Amino acid sequence: MILVKPKKKLGQHFLKDENIAKKIVSQLYFDDYSLVLEIGPGMGVLTKFIPKNKKIYLIEIDKDSIEFLKIHFKNLIKNIIHDDFLKFNLKKFINQNQIGIIGNFPYNISSQILFKVINHRNNIPFLCGMFQKEVAERICHNKGSKKYGIISVIAQAFYETEFLFEVSPKVFSPPPKVKSAVIKLSRRKNFKLKCNEDLFFKVVKLSFQQRRKKIKNSLKNLHLDINLIEDTIFDLRPENLNYKDFIELTQKIESKNVRI
Ligand code: SAH
């Protein structure tokens, strides 16, 4: 069997341990959507364990991996997409379905993958996959943690995030320089925020741009009402607010007729 030669620039670290692959894919058994999109299947170590009752699509940027998949997954040949996930028209692909996302994601673009998923949250109830451990922690940690930041608040506002387990570099070929971890994101029932969502994104991003400063200083450019910032929430630092607090903060800002 001719194997794909790993390319560093595509973040290719192929998982060798099939038990870990099974553990990741087993997360798919518990949900009720019928379409699954796997990002970066490589040589299909996860693909082969995806339950047969799901309709599987694969998106892979690498030509060599695409050739490998076409030979070894003949039954999926019509569902193999040769494209860059970040440029791919996901909205058109989703076409009003609800889909689950799975993958051992390329670490160099894993945050961008997650933000793209979040932008399509109306149709993506579930994601499970492998990230660089550091990024996995940032997604799952809560207020008070040093790792807590923009990606934590934004992911947690829409999804329940769960750190499942850590994975050693040894189980990959070639081994990455960093540790890895598998996490799971399940969309919240009430994932439509009770505030202006665009403003929420803006408030979170501006607040964390200066994470040591009080919120009222970081949000100066929003020209907040002088009475509004009397509220003690504006004296806090962003790392002390959970996603619900950020929603409340956004509601307060919205309630005053400010330029936003
Ligand atoms: N799932 C496989 C491969 C993981 S390595 C395994 O576990 O063994 C990450 C994979 O993502 C590689 O196959 C790489 O070619 C692919 N990839 C990298 N950038 C991508 C992109 N922008 N869009 C789609 N796939 C990408």
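Bear in mind these aren't lab numbers, they're just calculated from the coordinates by the rules spelled out. Note that this is a predicted model, so its numbers are computed, not measured. No Cβ is skipped: glycine too gets one built from the backbone with ideal geometry, and neighbour counts run over all protein chains shown.
Data overview
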{"quantity": "Stretch gain in nm, segment Ser145-Ser34, where the contour uses 0.36 nm per residue and the Cα spacing is subtracted", "calculated": "36.4 nm"}
{"quantity": "Debye log10 I(q)/I(0) at q = 0.12, 0.20, 0.23 Å⁻¹ for segment 154-247, Cα point scatterers", "calculated": "-0.55, -0.98, -1.13"}
{"quantity": "Tilt relative to the chain, helix 63-72 - C-alpha long axis, 0 to 90 degrees, to 10", "calculated": "60"}
{"quantity": "Residues Cys128, Cys195, sorted so that the one with the fewest Cβ neighbours within 10 Å comes first", "calculated": "Cys195, Cys128"}
{"quantity": "Directionally averaged projected area (convex hull, Cα atoms, segment 197-254), nm²", "calculated": "3.4"}
{"quantity": "Once exposed loop trypsin sites (Lys or Arg not before Pro) are cut out (DSSP; at most 12 other Cβ, 10 Å), longest piece of the chain", "calculated": "88-145"}
{"quantity": "Inter-label distance, nm, simple model (7 Å from Cα along the C-beta direction), Lys74/Asp198", "calculated": "5.2"}
{"quantity": "Translational diffusion coefficient (Stokes-Einstein; Kirkwood radius from C-alpha pairs) of the chain at 20 °C, 1.002 mPa s, in µm²/s", "calculated": "109"}
{"quantity": "Beta bridge orientation in the chain: antiparallel %, DSSP, nearest 5", "calculated": "50"}
{"quantity": "R0 of 30 Å, Cβ-Cβ distance Asn108-Asp225: FRET efficiency to nearest 0.05", "calculated": "0.10"}
{"quantity": "Sequence-distant lysines (8 or more away, or on other chains) whose Cα lies within less than 17 Å of Lys143", "calculated": "Lys205, Lys213, Lys214, Lys244"}
